[in-house]
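S.K.: The following block contains the structure, expressed as structure tokens.
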Amino acid sequence: MTDKHYNTTEIAAINNNTCTIEEKIAFLEHIAQCTPCAELFAASLAEQLVEVPFKKPNPIRQLQILHQRKVNQYLYNAKILLATVAAVALVFTVPTQYNLSHLLSKTTSKPQTSITAVQKYQRFFSSVSKKINQIEVKQHDEKKEK
């Protein structure tokens, strides 16, 4: 370590890039070993720093985001409920639509099919699905307008 310490004008020259590369290298090697010069250099850099203002979160926007998340969760839950109800309805209606007694007897009669119940469920679930899609489109359009 050298006995020479850098003064503020020499450090300012290094900060302003008015010195040679060799002088910069020598200075960096010096402050790696010299605590007083390193502290002086850090202090000169601290003067150049600009304080970033703290931006407070907008409570109204946070409430809007929270509300939108809840609405999205409700729509998701409605879709899951609709799918569950449709699956349960199909499980209970499909076996009753076919006369399976021909499988048990030795006769080869054609199974009787009744698709009116399935058609009713399909109409119901498609109308509910369309309603959910309309709500989602409306929300999407409202979001675009904001």
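S.K.: Within segment 31-60, count every residue that is among the aliphatic types (A, V, I, L, M) and part of a helix (DSSP H, G or I). Steps first, answer last, please.
M.R.: To start, the set of residues in segment 31-60 that are among the aliphatic types (A, V, I, L, M) comprises 31-32, 38, 40, 42-43, 45-46, 49-50, 52, 60.
From what is left, the residues that are part of a helix (DSSP H, G or I) are 31, 38, 40, 42-43, 45-46, 60.
Within segment 31-60, residues that are among the aliphatic types (A, V, I, L, M) and part of a helix (DSSP H, G or I) number 8.
S.K.: Moving on to the next point. Give Leu63, Leu28, Leu75 a once-over and let me know the one that is of a type outside the set (S, T, N, Q), in a helix (DSSP H, G or I) and touching a residue at least 60 places away in the same chain (Cβ under 8 Å). Before the answer, list the steps.
M.R.: On the way: Leu63 fails: touching a residue at least 60 places away in the same chain (Cβ under 8 Å); Leu28 fails: touching a residue at least 60 places away in the same chain (Cβ under 8 Å).
When all the criteria are applied, what remains is Leu75.
S.K.: Could you list, in sequence order, all residues of segment 63-92 that are at pLDDT 90 or above and small (Gly, Ala, Ser)?
M.R.: Ala78
S.K.: While we're on this one: Just to be sure before I move on: is Tyr6 surrounded by 10 or more Cβ atoms within 10 Å (Cβ to Cβ) and in a loop (DSSP other than H, G, I, E, B) in the structure I sent? Give the derivation first.
M.R.: Values: surrounded by 10 or more Cβ atoms within 10 Å (Cβ to Cβ): yes; in a loop (DSSP other than H, G, I, E, B): yes.
Yes, satisfied.
S.K.: Condition (residue is in contact with a Phe, Trp or Tyr (Cβ under 9 Å, 6 or more places away or on another chain) and either under 30 Å from Glu136 (Cβ atoms) or at pLDDT below 90 (or both)) applied to segment 41-62: is it met by at least one residue? First the steps, then the outcome.
M.R.: The first filter runs over segment 41-62 and keeps only residues in contact with a Phe, Trp or Tyr (Cβ under 9 Å, 6 or more places away or on another chain), leaving 41.
Checking the rest, the ones that are also either under 30 Å from Glu136 (Cβ atoms) or at pLDDT below 90 (or both) come to 41.
Yes, that holds for at least one residue.
S.K.: In addition: Tally up the residues in segment 21-78 that are of a type in the set (A, V, I, L, M) and more than 36 Å from the chain's Cα centre (by Cα), please. So that I can check it myself, show each step before the final result.
M.R.: So the first thing to find is which residues in segment 21-78 are of a type in the set (A, V, I, L, M), and the list is 21, 25-26, 28, 31-32, 38, 40, 42-43, 45-46, 49-50, 52, 60, 63, 65-66, 71, 75, 78.
Add one more test, that the residue is more than 36 Å from the chain's Cα centre (by Cα), and what stays is 21, 25-26, 28, 31-32, 38, 40, 42-43, 45-46.
Going through segment 21-78 one residue at a time, the tally reaches 12.
The values are calculated or read from the model by the stated rules, or taken from the named source; none is laboratory data. This is a predicted model, so every value here is computed, not measured. Quick reminder, even Gly has a Cβ in these numbers, built from the backbone with ideal geometry, and neighbours come from all protein chains shown.
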